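Worksheet for the structure shown next.
The values are calculated or read from the model by the stated rules, or taken from the named source; none is laboratory data. A quick note: this is a predicted structure, and the numbers were derived from the prediction, not measured. Virtual Cβ from ideal backbone geometry, glycine too; neighbours counted across all protein chains shown. These area figures cover heavy atoms from the full protein model, side chains too; ligands, DNA and RNA do not enter into them. Shrake-Rupley method; radii C 1.70, N 1.55, O 1.52, S 1.80 Å.
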Amino acid sequence: MDHEIDAHLQLAIDDLVADGTPPEAARRLAELRFGDLRTARHQLHIAARRREVALRRRDWLGAVAADMRFAARQIRRSAAHSALTIGTLALGIGVTTAIFTLVERVLLRPLPFAHAEQLVSLQGEDSLRRPVFSVSTDDALDWRDQSRSLAGIALHSFPSRYGVTTGDSATRLNLVSASGDFFPVLGTHFLAGRPFNVAEAQSRDRVAVVSEQTWRNYLGGDPALLKPLVIGSNTYQVVGVVATGAEYPAGTDVWVPMMLVRGAGGALRNNINYQAIGRLKVGSTIDQTTRDLLRVSRNIRAHDQGGLYDFGVAVAPLSTVIVGADIARSLRLLMRSVLMVLLLVCANLTIATLSRGAARQQEMAVRASLGATRGRLMIQLLVEHLLLALTGGAAGIAVAWVTVRAMIATWGDWIPRASEVHLDLSVVGFAAAVAITVGVLVGLLPAFRGSRASLQQAMQHGGRIASGGTRVARSLVVAEFALALTLLAGAGILIHSFQRLLGHSLGFDRRVATVEVVLSGPKYAADSRQRLETWDQLIGAFRAIPGVTRVGVANWIPLGTAGSSFVDIAGSDQPNEGAGYRVVSEDYLTALGVHLMRGRRFGADDGASGAPVVLINQAMAERYWPKGNPIGQQIRAKSMEAGPHGAQDAPWRTVIGVVSNLRQWGPASDPLPEMYASFRQAPGWSTTSMTAVIRSALPPAQLFPMIRTKLREVDPHLAADVSTMDIQLSNQLAPRRLTMLLLTGFAGLAVLLAALGVYAVLSYTVVLQAREIAIRSALGAQRSDLLATVVRNGATTAGAGIVLGIGAAATLSRLLQAMVVDVTTLDPLAFGGAVLVLGIAGAGAILIPAVRATRVDPLRIMKGE
């Protein structure tokens, strides 16, 4: 282009000189007529460079398009291999994307509240600085009034099942009582209406907020919110609707306001019945807030020595409390496990690609001899692998969608934030990134080896590469066996722990049916005698069902929520003692199959007019009377049975019997001290909501319809939840079962991949060594010798992987420490089982190519050479 400009100027100068202009003047005049020469040169150079870049881009895109067309033809040509590769990728990428979706939605994504990073959970601390999940009203109000780091504090009760009437229908819904500033502190998104406020809460206004699901299912989705709710004997006006996904606590259907009233201090400060959430001020941190509330706690103790939970305040992000440590730990474990499976997929496909690359060595050599550069060959091979990986990734998204829907449908009730778990563009982007990464990882080594093709070398080896390539494949198989053994050992530890957990005696019969009922309505609200009469009618009606042998009722049954009370022991000055508190009928413990250890059970004389009596369990007897006889001793539940706001003391009760221990909180917990009061002598509040336990020889499918019929006969407006103890235990163990099943599935997939890996390597080796095997066979080598050679090679590879895997599993199994019960993380049964399973799978994968090697036809091989 510079030459063109110079030639143009020179022609103009020559014309001017020919017309009689002096040469110097002619040059100046020609340059003047041309314009700014420097700018023209610069612009022309830029245009030239742009054109060159455009041409190179066009050539590069054309080459990539050609490579993709060629790759598509190769994929169609090797349909079986391509289908297996795409299927393996779809499975690996699909399960990885599914678990990532759970982790991202449950652990990583912010809560669906305004400025969710400012939300914290507040818990008191006892004298040992252990967090105590619940708080009292007095403590929460003091934290709110004296804190310098919190913008607000709100309280709410634990969700409870209540009978709710809408129009002519009654149902049971999850209800939460919350302070008037609950929704503003939380920053809840409302679909319709508004939240209730502090003034309404403090004046006891009958207003309520409902979830979107409740609004649509029971209130007809009316945007005017005209339809009221009847809860108990009170009618509530619905003022707002919380959008789906913004419910807190999770699963809540109805929120009603509660009035916050300061107690008189002392024991009432220790009535920890609520959960507290706080919102940090802008700029405040959790550490600053913790130090700030520690100062407040010291002030509380200075003025009220009876505060048992005022030795500090545990402050934690609300998101971590919602998810829970166990679920977070399980999800992280599953993410690590599925990444191991993905690495196994990559290793397996790399081995298969290396094996297949041997057949294409001659093709690559010919292309190289015709002028293809090494980089060009690498790009072509990488494009093939990326096209396969992206196809597998697209199929993997479908696998992930099905997997996520199946997990939510099966275990959604036990997965935190389950309503937020779904696939979106971010998940699709993750799957695409994984597919591209896998495509590069799988294709890089085969592309590097294949691009070194030499036509002379390929011809010398009959179109096959030298056997040195098997060293890389063997190394990958060693890694596969190590990863597979790690997953197998982890799954074995969880399975063994789960078996031990199920082997724990709960202390009661799990086959009994349960019927949870709330006596709601005006006729039950103020008359405790009417409630007792109704419970007696229900007990009698259930007993009349054919096949029923025992019926009892209790306000709190095992495997559910419960209450605990501070306990005074007559004649003892032991401070701060407590026990579980339950209100039961005469046959409740008998219906559960609980044994009487000493003394007597409740009888006909233990009614409202009789002397207050109580049963205790063996754990309580051993704690408070380790060497004495508890029968006849006096105790009182001072925080459960005291009058309102401490107006009167709880009654003293005489211990009349000791019953066997129950694992009230499930098989993973130890028996705790428990006391049982007769429902005929208990406070009136305890008989509003109770659960019947029914022992029967009938299966649940036959028993449940008859139970519902009897309920309607006693009161057609009663709503109940009917279940069995077995179902409730299964629900409680569901998170453990989910983790165990998924990890076991990953381990099984890992074993299959490891076996396929060793099979592929040995098959690859047999192909490469076919000439050597043929010569040895022709020279008289016995089949047993050939079999032993191949088996020895495979066993050495698998054995190295197993040894390496034992060390890796012993190290990584420590992550399971908090998830196992009654087993160690070096459980010999789990490790031995993992080695046995992997050894059997590896032996099967070794024998097939080994037997094939003994059947090599020397004459056919030599003719092929």
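Yes/no matrix, rows are residues, columns are (1) at pLDDT below 85; (2) in contact with a strand residue (DSSP E or B) (Cβ under 7 Å, 6 or more places away or on another chain); (3) surrounded by fewer than 19 Cβ atoms within 10 Å (Cβ to Cβ):
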site	(1), (2), (3)
Arg712	no, no, yes
Asp726	no, no, yes
Leu729	no, no, yes
Gly748	no, no, yes
Ser777	yes, no, no
Gln782	yes, no, yes
Asp785	yes, no, yes
Val803	no, no, yes
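Quick one: which of Arg452, Arg471 is assigned to a helix (DSSP H, G or I), at pLDDT below 85 and open to solvent by 20 Å² or more (accessible area, probe 1.4 Å)?
Arg471
Out of curiosity, is Thr214 in a helix (DSSP H, G or I), β-branched (Val, Ile, Thr) and at negative phi? Please lay out each step first, then the result.
Values: in a helix (DSSP H, G or I): yes; β-branched (Val, Ile, Thr): yes; at negative phi: yes.
Yes: the conditions hold for Thr214.
Please state which of the following conditions Ser669 fails to meet, knowing it meets all the rest: (1) more than 22 Å from Arg531 (Cβ to Cβ); (2) open to solvent by less than 10 Å² (accessible area, probe 1.4 Å); (3) under 39 Å from the mean Cα position of the chain (by Cα); (4) not hydrophobic (A, V, I, L, M, F, W, C).
(2)
State yes or no: is Val230 closer than 16 Å to Arg279 by Cβ and open to solvent by 20 Å² or more (accessible area, probe 1.4 Å)?
So Val230 fails the test.
Checking the structure you have, find out if any residue of region 590-600 is under 30 Å from Ser730 (Cβ atoms), in contact with a Ser or Thr (Cβ under 7 Å, 6 or more places away or on another chain), open to solvent by 30 Å² or more (accessible area, probe 1.4 Å) and hydrophobic (A, V, I, L, M, F, W, C).
yes
In this structure, is Met640 touching a residue at least 12 places away in the same chain (Cβ under 8 Å) and touching a Pro at 6+ places or on another chain (Cβ under 9 Å)?
Details: touching a residue at least 12 places away in the same chain (Cβ under 8 Å): yes; touching a Pro at 6+ places or on another chain (Cβ under 9 Å): yes.
Yes.
Kindly provide the set of residues from region 296-328 that are under 30 Å from Glu480 (Cα atoms) and either touching a Leu at 6+ places or on another chain (Cβ under 8 Å) or of a type in the set (Val, Ile, Thr) (or both), ordered by number.
Within region 296-328, Ile327, Ala328 meet the criteria.
In region 162-189, what residues are in contact (Cβ under 8 Å) with a residue 40 or more places away in the chain and more than 22 Å from Gln275 (Cα to Cα)?
Within region 162-189, Gly163, Val164, Thr165, Thr166, Gly167, Ser169, Ala170, Thr171, Arg172 qualify.
In region 848-865, which residue that is open to solvent by 90 Å² or more (accessible area, probe 1.4 Å) and assigned to a helix (DSSP H, G or I) is modelled with the lowest pLDDT?
Filtering region 848-865 down to residues open to solvent by 90 Å² or more (accessible area, probe 1.4 Å) leaves 848, 852, 855, 859-860, 863, 865.
From what's left, assigned to a helix (DSSP H, G or I): 848, 852, 859-860, 863.
Values: Ile848: 81, Arg852: 72, Leu859: 64, Arg860: 63, Lys863: 59.
This residue is Lys863.
Looking at this structure, is Ser585 crowded, with 17+ Cβ neighbours inside 10 Å and closer than 27 Å to Asn271 by Cβ?
It is true that Ser585 is crowded, with 17+ Cβ neighbours inside 10 Å and closer than 27 Å to Asn271 by Cβ.
Would you mind stating whether Ala734 is under 28 Å from the mean Cα position of the chain (by Cα), outside any strand (DSSP E or B) and closer than 24 Å to Arg172 by Cα?
In short, yes.
Between Val428, Val440, which is more than 25 Å from the chain's Cα centre (by Cα), at pLDDT 70 or above, open to solvent by 30 Å² or more (accessible area, probe 1.4 Å) and among the aliphatic types (A, V, I, L, M)?
One residue alone meets the criteria, Val440.
Could you list, in sequence order, the residues of region 204-216 that are within 20 Å of Val230 (Cβ to Cβ) and either open to solvent by less than 80 Å² (accessible area, probe 1.4 Å) or touching a Ser or Thr at 6+ places or on another chain (Cβ under 8 Å) (or both)?
Matches in region 204-216: Asp205, Arg206, Val207, Ala208, Val209, Val210, Ser211, Gln213, Thr214, Trp215.
Please determine, by comparing only the residues of region 267-301 that are open to solvent by 60 Å² or more (accessible area, probe 1.4 Å) and of a type in the set (D, E, K, R), which one is farthest from Glu117 (Cα to Cα).
Looking at the filtered set, the residue picked out is Arg301.
Have a look at Ala843, Ala809 and point out the one that is surrounded by fewer than 18 Cβ atoms within 10 Å (Cβ to Cβ), in a helix (DSSP H, G or I) and touching a helix residue (DSSP H, G or I) at 6+ places or on another chain (Cβ under 9 Å).
Ala843
Across region 153-187, what is the number of residues that are touching a His at 6+ places or on another chain (Cβ under 6 Å) and more than 30 Å from Leu280 (Cα to Cα)?
Adding up the residues that qualify gives 1.
Quick one: in region 302-344, of everything that is of a type in the set (D, E, K, R) and open to solvent by 20 Å² or more (accessible area, probe 1.4 Å), which residue is farthest from Ala754 (Cα to Cα)?
Asp304
For residues that are in contact with a helix residue (DSSP H, G or I) (Cβ under 9 Å, 6 or more places away or on another chain) and under 17 Å from Gln633 (Cα atoms), scanning just region 554-575, find the one that is most open to solvent (accessible area, probe 1.4 Å).
Once the filter is applied, the top-ranked residue is Gln574.
Could you grab me the full set of residues in region 517-550 that are open to solvent by less than 10 Å² (accessible area, probe 1.4 Å), closer than 14 Å to Asp587 by Cβ and touching a Ser or Thr at 6+ places or on another chain (Cβ under 8 Å)?
Within region 517-550, Trp535 is the sole residue that qualifies.
State all residues of region 135-151 that are assigned to a helix (DSSP H, G or I) and not small (Gly, Ala, Ser); if no residue qualifies, say none.
To start, the set of residues in region 135-151 that are assigned to a helix (DSSP H, G or I) comprises 137-146.
Of everything in region 135-151, those that are assigned to a helix (DSSP H, G or I) and not small (Gly, Ala, Ser) turn out to be Thr137, Asp138, Asp139, Leu141, Asp142, Trp143, Arg144, Asp145, Gln146.
Of these, Ser297, Ser337, which one is in contact with a Gly (Cβ under 9 Å, 6 or more places away or on another chain) and within 30 Å of Gly443 (Cα to Cα)? Before the answer, list the steps.
On the way: Ser297 fails: within 30 Å of Gly443 (Cα to Cα).
After ruling out the rest, the residue left standing is Ser337.
Would you be able to say whether some residue in region 149-159 is surrounded by fewer than 23 Cβ atoms within 10 Å (Cβ to Cβ), more than 24 Å from Leu318 (Cβ to Cβ), modelled with pLDDT of 90 or more and of a type outside the set (S, T, N, Q)?
no
Within region 651-666, is there a residue that is over 16 Å from Gln537 (Cα atoms), in contact with a Pro (Cβ under 6 Å, 6 or more places away or on another chain), free of Cβ contacts under 8 Å to residues at least 40 places away in the same chain and surrounded by fewer than 19 Cβ atoms within 10 Å (Cβ to Cβ)?
Scanning region 651-666, I find at least one residue that is over 16 Å from Gln537 (Cα atoms), in contact with a Pro (Cβ under 6 Å, 6 or more places away or on another chain), free of Cβ contacts under 8 Å to residues at least 40 places away in the same chain and surrounded by fewer than 19 Cβ atoms within 10 Å (Cβ to Cβ), so the answer is yes.
Any chance you could count how many residues in region 15-65 are without any contact (Cβ under 8 Å) to a residue 24 or more places away in the chain and exposed (fewer than 13 other Cβ atoms within 10 Å of the Cβ)? Please lay out each step first, then the result.
Here is the first cut: in region 15-65, the residues without any contact (Cβ under 8 Å) to a residue 24 or more places away in the chain are 15-33, 35-36, 38-39, 42-43, 46-47, 49-62, 65.
Applying the additional criterion that residues be exposed (fewer than 13 other Cβ atoms within 10 Å of the Cβ) yields 15, 18-20, 22-25, 32-33, 35-36, 38-39, 42-43, 46-47, 49-62, 65.
Total satisfying the criteria: 33.
Looking at Leu219, Leu191, which one is farther than 20 Å from Phe158 by Cα, hydrophobic (A, V, I, L, M, F, W, C) and either within 31 Å of the chain's Cα centre (by Cα) or open to solvent by 20 Å² or more (accessible area, probe 1.4 Å) (or both)?
The match here is Leu191.
Just wondering, is there one or more residues in region 514-527 that are at pLDDT 90 or above, touching a strand residue (DSSP E or B) at 6+ places or on another chain (Cβ under 8 Å), of a type outside the set (Gly, Ala, Ser) and in a loop (DSSP other than H, G, I, E, B)?
No, region 514-527 contains no residue that is at pLDDT 90 or above, touching a strand residue (DSSP E or B) at 6+ places or on another chain (Cβ under 8 Å), of a type outside the set (Gly, Ala, Ser) and in a loop (DSSP other than H, G, I, E, B).
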